[in-house]
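The values are calculated or read from the model by the stated rules, or taken from the named source; none is laboratory data. The structure displayed is predicted, hence computed values, not measured ones. Here Cβ is always computed from backbone atoms with ideal geometry, including for glycine, and neighbour counts include all displayed protein chains.
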Amino acid sequence: MPTNRTKGLLTDIGTEELAHWEIVGTMIYRLLKNVPPEQLRQVDLGGHFAEHDRAVYPVDASGVPWTAAYVQATGDPVTDLHEDMAAEQKARTTYEHLIRLTDDPGVKDTLRFLREREVVHFQRFGEALNEVQEELTRKKVF
Ligand SMILES: [Fe+2]
């Protein structure tokens, strides 16, 4: 990022995202902790149990493991901020789908909190994009 403020913003959001990952992992761990294997099989988690027991193992809804290849960075701050904004919108949408898939009030509350943070991240990335575009178009005199 070309400005100190946007560098700090990305650090803040990145740090918060790691905390969100921890929240989601903890929630899933607690939900699965005492579920018998037969019940896990009945809800299509038999494969997960066979390979990971109840360990938190990051996969998408189709069971595809998370990979660092999902992290995009071109080195162009304008392009990367657009990517970040799209990622926040995709996360918001996924949280909304997850909220519709559960009837557990605690899980819904947690997902609503995480959804709201994605909205804030989208807005903050938008502010960063404006700042970066201003910085990159500003006439520089040396
Ligand atoms: Fe986010």
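Taking the criterion of being closer than 22 Å to Val35 by Cα, of a type in the set (A, V, I, L, M) and part of a loop (DSSP other than H, G, I, E, B), the residues of the stretch 55-79 that qualify are Ala55, Val56, Ala61. Considering (1) touching an Asp or Glu at 6+ places or on another chain (Cβ under 9 Å); (2) within 16 Å of the ligand (Cβ to nearest atom); (3) more than 26 Å from Met1 (Cβ to Cβ); (4) not polar (S, T, N, Q), the lone condition that Leu31 does not fulfil carries the number (2). Remark: pairs (first residue in the stretch 37-51, more than 13 Å from Ser62 (Cβ to Cβ) and at pLDDT below 90; second residue among the acidic types (Asp, Glu) and surrounded by 13 or more Cβ atoms within 10 Å (Cβ to Cβ); Cβ separation under 8 Å; 6+ apart in sequence or on different chains) are absent. Scanning the stretch 28-40 for residues that are part of a helix (DSSP H, G or I), within 19 Å of Leu101 (Cβ to Cβ) and over 24 Å from the mean Cα position of the chain (by Cα) turns up Gln39, Leu40.
Taking the listed residues Ala61, Ala86, the one that is exposed (fewer than 11 other Cβ atoms within 10 Å of the Cβ) and among the aliphatic types (A, V, I, L, M) is Ala61, with no other qualifying.
Of the listed requirements (1) surrounded by 12 or more Cβ atoms within 10 Å (Cβ to Cβ); (2) more than 16 Å from the ligand (Cβ to nearest atom); (3) in a helix (DSSP H, G or I), Glu17 misses just one: (2).
Filtering Thr67, Thr137 for residues that are over 12 Å from the mean Cα position of the chain (by Cα), surrounded by fewer than 12 Cβ atoms within 10 Å (Cβ to Cβ) and under 29 Å from Leu45 (Cα atoms) leaves a single hit, Thr67.
Residues that are out of contact with any Ser or Thr (no Cβ under 7 Å at 6 or more places or on another chain), away from the ligand (no atom under 16 Å from the Cβ) and farther than 21 Å from Lys33 by Cβ do occur in the stretch 123-131, at least one of them.
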